[in-house]
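Single-structure report; data block below.
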């Protein structure tokens, strides 16, 4: 019994959740972006369902603001697993007119929910599994593993189903939908330890590399086609790594020399700043911004 | 932290007045699990609200919806780790809906910390929390006698509270209780021992959390394996593979064991136990695995595999304690759904025998059943279930009740016997 570690416990819990979704939901999907949390989700799905195929497709809602290394990992992993990958782009929604943006270079996370809801409707998904964790943010800390959404994809924090033991209520009415978070109870450190244990391949930008950046406020922003220096800002080359990989216009790297998972784990264990606090400019704008986005149908 | 640290889930019971938030805040702070950006966010809020020092309770409260509507959401989960263990705290705020909130958080907990104020001693709410902990069968109970600094760190006062509490706990059949004197404000006996409680020789709260034996919190005797999903790849490589996938809820299983499938009663033997990482000779709770049997027998999701020499009850009728969670009262004329392990069946409540007053433990006959009520009920289900008493086996003795009209989870059930 002593050999059953916290990672084994978390892994078994996540496998159990995924199998419940596969059995009890009519038409589920697994959201997969190519980031580290969703790479862990894929390994968990392999553990849950092999030697069978996954009983659901992988779905990516592409902002077209992604780091190329992440998209490359996404496509390569889906292909090597032989699983079906559905990609829907915010550009499709913009062309349809369901998303109206004033400046194509501004962060697009707020609009992801529109394309996600359109994709759910297109395929008739009744359950979408995502790699969100409760340690990321305090709205998430209060969300269920099986999080029920109404026809508009809205999360109603005061009207959540009680979740007892690990008996999950998977029932939805036609047109409604659940979001399921199999790695709710994992922390950032657990994710890195699992990546190390399972020898998972992650996009290269998670490791320290030299990159052109601009200092903005307390953060450094990566220079790209979307992020150019403003007047008075100067480009520096620093050794950095990313703790999260989202929209390039609002995802900041941290200064680091960590070139191995072991070194990343050491830095993570010693870190005094939360993952989102360090890296997500859009979450810092208001204390309640994640909660508001979730209510609009965001993960 | 190494890869072999264990996971311990605990909850805290007590009101803000007992120093609950301060205790959690200090555990997190001393374990270096409060991050600088979280600390700066709550210090800004503390200042805005005119507080002189940082209010650590702000760490745990505070969705916009909660502040705006003056409500509290039942459970928030928080995480911290020490070199020895990883911890999940189920934090249940406030007094309102306490029964419902505590039962929800307690259902997955290894341990509960029940807080009392050393000046006030064992109160009605202390008894209520303890009763609920016993009802939900939390394996370990810690009585934290807080604010010892306000009773001059008196050993006599601690012993008085301890004796009164242990007598009450014994009435409920609880013997797994540890009592710790502490001061969350001063930090005595949480992580550091301090010097004021020199007469106390037991563990600090953190030592207890890090070392308490939890291997036997799950039932290790009775093999119970609810089938979740059936894997039939039908590829050339895995032509005959038919794997019954699930998680071992209790006990263990080995290749060759004689197996009975419930409720059908058909028998076979374990041919193979496999995981993604390879084949196993023996597997135990709470591993998620796939099992193949030696015979082709009809098995579907919701069936339970058990060892043929260790059978649970199989019946369409049973008695249970129910905790009603819904704002809509129980309607005895309606059918509901019971989800028990991986099986969902229709049910009727044939009797509601009595309601327990959680403050006095008195029984009230023939009650209505409203939110937060704990009742003893007779239940009939449409198809047989394979179950154990909750006391013996948390996993095969628990169920939820779902209202088919709304799909809401309306009750938590614990099978009696």
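The values are calculated or read from the model by the stated rules, or taken from the named source; none is laboratory data. Everything numeric in this text was worked out from a predicted model, so none of it was measured. Positions of Cβ are generated from backbone atoms using ideal geometry, with glycine treated the same way; all protein chains shown enter the neighbour counts.
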* Asked: Looking at the range B:228-247, is at least one residue outside the structural domain of residue B:143 (by TED's automatic domain parsing), within 30 Å of residue B:176 (Cβ to Cβ) and surrounded by 14 or more Cβ atoms within 10 Å (Cβ to Cβ)?
  -> yes
* Asked: Name the pairs: first residue in the range A:247-266 and within 28 Å of residue A:64 (Cβ to Cβ), second residue modelled with pLDDT of 90 or more and surrounded by fewer than 18 Cβ atoms within 10 Å (Cβ to Cβ), Cβ to Cβ under 7 Å, at least 6 apart or on different chains?
  -> A:255/A:238; A:255/A:239; A:256/A:239
* **Odd one out for residue A:260 among (1) touching a strand residue (DSSP E or B) at 6+ places or on another chain (Cβ under 9 Å); (2) modelled with pLDDT of 85 or more** => (1)
* Kindly indicate whether residue A:127 is within 25 Å of residue A:43 (Cα to Cα), touching a strand residue (DSSP E or B) at 6+ places or on another chain (Cβ under 7 Å), within 14 Å of chain B (Cβ to nearest Cβ) and modelled with pLDDT of 90 or more. => yes
* Counting only residues that are within 13 Å of chain A (Cβ to nearest Cβ), crowded, with 21+ Cβ neighbours inside 10 Å and at pLDDT below 80, how many does the range B:1-41 have? -> 1
* If you go through the range A:130-153, how many residues are closer than 17 Å to residue A:163 by Cα and out of contact with any strand residue (DSSP E or B) (no Cβ under 6 Å at 6 or more places or on another chain)? -> 6
* Structure fact -> Checked the range B:42-57 for anything touching a helix residue (DSSP H, G or I) at 6+ places or on another chain (Cβ under 8 Å) and at pLDDT 65 or above; matches are B:42, B:45, B:46
* Asked: Somewhere in the range B:199-207, is a residue in the same structural domain as residue B:179 (by TED's automatic domain parsing), touching a residue at least 60 places away in the same chain (Cβ under 8 Å) and surrounded by 13 or more Cβ atoms within 10 Å (Cβ to Cβ)?
  -> yes
* To do: For residues that are surrounded by fewer than 17 Cβ atoms within 10 Å (Cβ to Cβ) and in contact with a strand residue (DSSP E or B) (Cβ under 9 Å, 6 or more places away or on another chain), tally how many sit in the range B:179-195.
  => 2
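Let's see how each residue does on (1) assigned by TED's automatic domain parsing to the domain that holds residue B:389; (2) at pLDDT 95 or above; (3) surrounded by fewer than 22 Cβ atoms within 10 Å (Cβ to Cβ); (4) not in a loop (DSSP other than H, G, I, E, B):
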{"position": "B:127", "(1), (2), (3), (4)": "no, no, yes, yes"}
{"position": "B:133", "(1), (2), (3), (4)": "no, no, no, yes"}
{"position": "B:159", "(1), (2), (3), (4)": "no, yes, yes, yes"}
{"position": "B:162", "(1), (2), (3), (4)": "no, yes, yes, yes"}
{"position": "B:167", "(1), (2), (3), (4)": "no, no, yes, yes"}
{"position": "B:175", "(1), (2), (3), (4)": "no, no, yes, no"}
* To do: Just name the residue that is modelled with the lowest pLDDT out of those in the range A:42-62 that are away from chain B (no Cβ under 14 Å) and either out of contact with any strand residue (DSSP E or B) (no Cβ under 8 Å at 6 or more places or on another chain) or surrounded by 20 or more Cβ atoms within 10 Å (Cβ to Cβ) (or both).
  => A:61
* Do the conditions hold for residue A:169, that is, is it farther than 30 Å from residue A:263 by Cβ and either more than 8 Å from every other protein chain (Cβ to nearest Cβ) or over 21 Å from the mean Cα position of the chain (by Cα) (or both)? -> yes
* State the number of residues belonging to the range B:258-280 that are outside any strand (DSSP E or B) and either buried (at least 20 other Cβ atoms within 10 Å of the Cβ) or within 14 Å of chain A (Cβ to nearest Cβ) (or both). => 2
* Kindly list, by first and then second residue, each pair from a residue in the range B:328-340 that is farther than 21 Å from residue B:414 by Cβ to a residue that is part of a loop (DSSP other than H, G, I, E, B), limited to pairs with Cβ atoms under 6 Å and residues at least 6 apart or on different chains. => none
* Name the residues in the range A:114-127 that are within 17 Å of residue A:32 (Cβ to Cβ) and in contact with a helix residue (DSSP H, G or I) (Cβ under 6 Å, 6 or more places away or on another chain), would you? -> A:115, A:127
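So that you can scan it fast, the table gives a plain yes or no per residue for (1) closer than 21 Å to residue B:131 by Cα; (2) at pLDDT 95 or above; (3) in contact with a strand residue (DSSP E or B) (Cβ under 7 Å, 6 or more places away or on another chain); (4) surrounded by fewer than 21 Cβ atoms within 10 Å (Cβ to Cβ):
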{"site": "B:361", "(1), (2), (3), (4)": "yes, no, no, yes"}
{"site": "B:367", "(1), (2), (3), (4)": "yes, no, yes, yes"}
{"site": "B:379", "(1), (2), (3), (4)": "no, yes, yes, no"}
{"site": "B:382", "(1), (2), (3), (4)": "no, yes, yes, yes"}
{"site": "B:392", "(1), (2), (3), (4)": "yes, no, no, yes"}
{"site": "B:412", "(1), (2), (3), (4)": "yes, yes, yes, no"}
* To do: Tell me which of these residue A:33 doesn't satisfy, since it passes every other one: (1) at the interface with chain B (Cβ under 9 Å from one of its Cβ atoms); (2) touching a strand residue (DSSP E or B) at 6+ places or on another chain (Cβ under 7 Å); (3) modelled with pLDDT under 95.
  => (1)
* Tell me, which strands (runs of 3 or more DSSP E) lie completely within the range B:311-417 with 2 or more residues that are under 25 Å from the mean Cα position of the chain (by Cα), under 19 Å from residue A:163 (Cα atoms) and facing another protein chain (nearest Cβ under 10 Å)? -> B:336-340, B:398-402, B:409-415
* **Extreme residue, farthest from residue A:26 (Cα to Cα), among residues of the range A:146-176 that are in contact with a helix residue (DSSP H, G or I) (Cβ under 6 Å, 6 or more places away or on another chain) and touching a residue at least 12 places away in the same chain (Cβ under 8 Å)** => A:157
* Answer with yes or no whether residue B:405 is free of Cβ contacts under 8 Å to residues at least 40 places away in the same chain and surrounded by fewer than 22 Cβ atoms within 10 Å (Cβ to Cβ). => yes
* Of all residues in the range B:73-105 being farther than 22 Å from residue B:210 by Cα, facing chain A (nearest Cβ under 9 Å) and touching a helix residue (DSSP H, G or I) at 6+ places or on another chain (Cβ under 9 Å), the one that is modelled with the highest pLDDT -> B:103
* Taking the range B:285-296 as the search range and keeping residues that are under 17 Å from residue B:308 (Cα atoms) and assigned to a strand (DSSP E or B), which one is farthest from the other protein chains (Cβ to nearest Cβ)? -> B:293
